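Everything below concerns the one structure shown next.
Values quoted throughout were computed directly from the atomic coordinates according to the rules given, and no laboratory measurement underlies them. Bear in mind that the values here come from a model prediction, so they are computed numbers and not experimental data. A quick note on method: Cβ atoms are made from the backbone with ideal geometry, for glycine too, and the neighbour counts reach across all protein chains shown.
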Amino acid sequence: MRILIVDDSVSMRRVERSMLTDMGFSDIKEAADGSEALKMVSSGKFDLILLDWKMPVLSGLDTLKRLKASPDFKSIPVVMVTSESNKTKILEAIQSGAANYIIKPFSDEVLKEKLEPFLGKETA
Amino acid sequence: MNEPVIRIDQIEPFIKATIETFKTMVHLKVIHGEIRVRKPSEPASDYSGIIGLTGGAEGSVTLGFPLGTAKAVASSFLGEETVSESLVADTIGEIANIITGYAKKDIPGVEINISLPTVIKGASHEIISHADDKKIITFFVCPLGEFSLEVYLEGLPGQFPTQSGPGEA
């Protein structure tokens, strides 16, 4: 299973990578903003995307909308992992196609629970 | 000159968010100490993570650490023994971002937008703004040292001025 972490914070990407590694995943790629993420998705297959909201260049919501508008990529589950806690915005993300929504701060247990529906048999 | 009133209803969400963020992502128990209006002579930090607030209310949130505490907190956040200076700065900005995002969900009645974090690094630097005499500073202590959180919020509906002593929110 190939997972893409999209977050402008390198420290947050490391934390998410570490949690995913502990869950048994090893094929993990990283992008620092939405634009970089779209390029990576266009050039390689991904099974799951963890997407921050507030990022420079291209926001998480705009990235999500572009992914869901693409016949090639709309089936990739996108889980928002963000500090954006406004209910209206959470609803907007879900209506735009987000498969799930994780509000920072979160524990590894919460990450595992929220990702479970989209994970393969590699999880511990 | 009258001392500005501390609006605990504005500060409590940030104290709660700081405690929760450190518990969940830095794996540390933190306790808040004194809450008061920031003094012009306030001791400066070595790392400051700053988040701007716009929308239904405007202001800023500044998370300030001495050098040793910043490094230790970044190390605990990342689960890595050695952390580069740039990664310490990134971590402080991200923690400030998480705290602010978490806090705003507990501020009812307004939609607040938060900026990307800005991090200032430098021994005992001083941040000067037009709102210095309106910032409320809360001090925290954790097993890795002390740090502070400054909150400046303007434009919120409804005010419930009160005072608070040290303890957990």
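Hey, quick one: spin label on residue A:22, modelled 7 Å out along Cα-Cβ, who in region B:83-103 has an amide N within reach, i.e. under 16 Å?
Inside the label zone: nothing.
Using 0.36 nm per residue of separation minus the Cα-Cα distance, give me the extension gain between residue B:44 and residue B:126 in nm, one decimal.
Difference between extended and current length: 29.0 nm.
Say R0 is 30 Å: what FRET efficiency, to the nearest 0.05, do residue A:68 and residue B:23 get from their beta-carbon distance?
Details: r = 35 Å, r/R0 = 1.15.
So, using R0 = 30 Å, E works out to roughly 0.30.
When ranked by the protection proxy of mean other Cβ atoms within 10 Å per residue, highest first, what sequence do the peptides B:76-88, B:6-18 form? Mind dumping the intermediate values first?
On the way: B:76-88: 16.2, B:6-18: 20.4.
Those peptides, ordered most packed to least, come out B:6-18, B:76-88.
Calculate the tail of P(r) for region A:1-61: the fraction of all Cα-Cα distances greater than 14 Å, expressed in %.
Values: 909 of 1830 pairs.
Counting every Cα pair in region A:1-61, those more than 14 Å apart make up 50 percent.
Counting pairs of alpha carbon atoms under 8 Å apart in space and at least six apart in sequence, what relative contact order in percent does chain B give?
Values: 338 pairs, mean separation 67.7, N = 169.
Result for chain B is 40 percent.
Mean 1/r over all different Cα pairs, inverted: what Kirkwood radius does chain B give, in Å? Could you put the intermediate results ahead of the total?
Values: mean 1/r = 0.0627 Å⁻¹.
Here the Kirkwood hydrodynamic radius works out to 16.0 Å.
Quick one: Kirkwood hydrodynamic radius for chain A, alpha-carbon pairs, angstrom, one decimal? Each step should come with its number before you reach the end.
Details: mean 1/r = 0.0704 Å⁻¹.
Evaluated on chain A, it is 14.2 Å.
Enumerate the helices in chain B for which the Kyte-Doolittle hydropathy averages -0.5 or more and the C-alpha atoms extend at least 24 Å along the helix's axis, using complete DSSP H runs.
Span-like helices here: B:85-104.
Would you work out which of A:24, A:69, A:42 lies farthest towards the positive end of the dipole of region A:1-89, given +1 charges on the beta-carbon of Lys and Arg and -1 on that of Asp and Glu, about the Cα centre?
Of the listed residues, the answer is A:69.
At 222 nm, what value in deg cm²/dmol follows for the protein assembly as shown if DSSP H runs of at least 4 each add -39500 (n - 2.57) and the sum is divided by all its residues, to the nearest 500?
Taking each H run of at least 4 residues, the total per residue is -10000 deg cm²/dmol.
Across 10 Å bins from 0, what is the distribution of all Cα-Cα pair distances for region B:3-92, in whole percents?
Answer for region B:3-92: a P(r) of 14, 43, 34, 9, 0 percent.
Residue B:106 to residue A:43: FRET efficiency via 1/(1 + (r/R0)^6), r the Cβ-Cβ distance, R0 25 Å, to the nearest 0.05?
With a Förster radius of 25 Å, E is 0.05.
Semi-axes, largest first, in whole Å: what does sqrt of 5 times each Cα gyration tensor eigenvalue give for the protein assembly as shown?
Its equivalent ellipsoid spans semi-axes of 34, 21, 16 Å.
Do any GluC sites (Glu not before Pro) in region B:94-148 lie in a loop, going by DSSP, with at most 14 other beta-carbon atoms within 10 Å of their beta carbon, and if so which?
B:111, B:126
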